[in-house]
1. Take the residues in segment 90-105 that are over 17 Å from the mean Cα position of the chain (by Cα) and surrounded by 14 or more Cβ atoms within 10 Å (Cβ to Cβ), then tell me which one is nearest to residue 172 (Cα to Cα).
2. Find the residue count for segment 80-98, including only residues that are touching a helix residue (DSSP H, G or I) at 6+ places or on another chain (Cβ under 6 Å) and at pLDDT 95 or above.
3. Before we move on, is residue 150 in the same structural domain as residue 74 (by TED's automatic domain parsing), on the phi < 0 side of the Ramachandran plot and touching a strand residue (DSSP E or B) at 6+ places or on another chain (Cβ under 9 Å)?
4. Exactly one of (1) touching a strand residue (DSSP E or B) at 6+ places or on another chain (Cβ under 7 Å); (2) in contact (Cβ under 8 Å) with a residue 60 or more places away in the chain is unmet by residue 111. Its number?
5. In segment 109-122, what count of residues is obtained for those that are on the phi < 0 side of the Ramachandran plot and surrounded by 11 or more Cβ atoms within 10 Å (Cβ to Cβ)?
């Protein structure tokens, strides 16, 4: 091999090494940017001024097939500002279902609540959610409550996280200059643990010969038939030709 060919080969190797180093550095910068831009695990947006909210779930550790009870509170912490037009919305948490035959008991609070659902033919997917709304003024220091009970699927795997998210809007009363706020949200989590099932289902024996006058409620599974996670809507149009034949 001639000296010219040797120098040419060395030069090509040097150029290749420089190009590889530049590509690696650019890739590292791109990866760093993506890591910084990752969203938070929960989409919780802090409450606006003059408003305090809280969200609780019971139990925080649930046996699959048992109920989850969500309670949302919104308090007007102002000393003079009057709030009105509060609207609250919560999607049905993934891994749970709602008993539409027991709406009056499982959905309510200090303001009326409704359950809604719709099927998207394009996406072939159900959308289910709850809504609460009040047109009454929320006076300074006053608190409103929205609550709902849902049922977890008995097929949920061990360690599954169930997230409940409540979104809300508030407005200031016309008496203090109407001002519409941006939507806010708060989330809470429960975890599935089959280890608590036996302790929940098996009653604790007592030595008391007669029942006491008071009754302590316990979390019990609902007696209603558990639906599938994504029921398919019935298309009645396909049955007409069979009926007439």
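1. Taking segment 90-105 and keeping what is over 17 Å from the mean Cα position of the chain (by Cα), we get 99-105.
Now restrict to residues that are surrounded by 14 or more Cβ atoms within 10 Å (Cβ to Cβ): 99, 103.
Numbers: 99: 35, 103: 31 Å.
Applying the filter and picking the extreme gives 103.
2. Selection size over segment 80-98: 0.
3. Here the answer is yes, as residue 150 does meet what is asked.
4. For residue 111, the failing item is (2).
5. From segment 109-122, those on the phi < 0 side of the Ramachandran plot are 110-122; that's our starting set.
Next, only the ones that are surrounded by 11 or more Cβ atoms within 10 Å (Cβ to Cβ) stay: 110-117, 119.
Here the count works out to 9.
The values are calculated or read from the model by the stated rules, or taken from the named source; none is laboratory data. No experiment lies behind these values; they were computed from the predicted model shown. Here the Cβ is made from the backbone with ideal geometry for all residues, glycine too, and neighbour counts use every protein chain on show.
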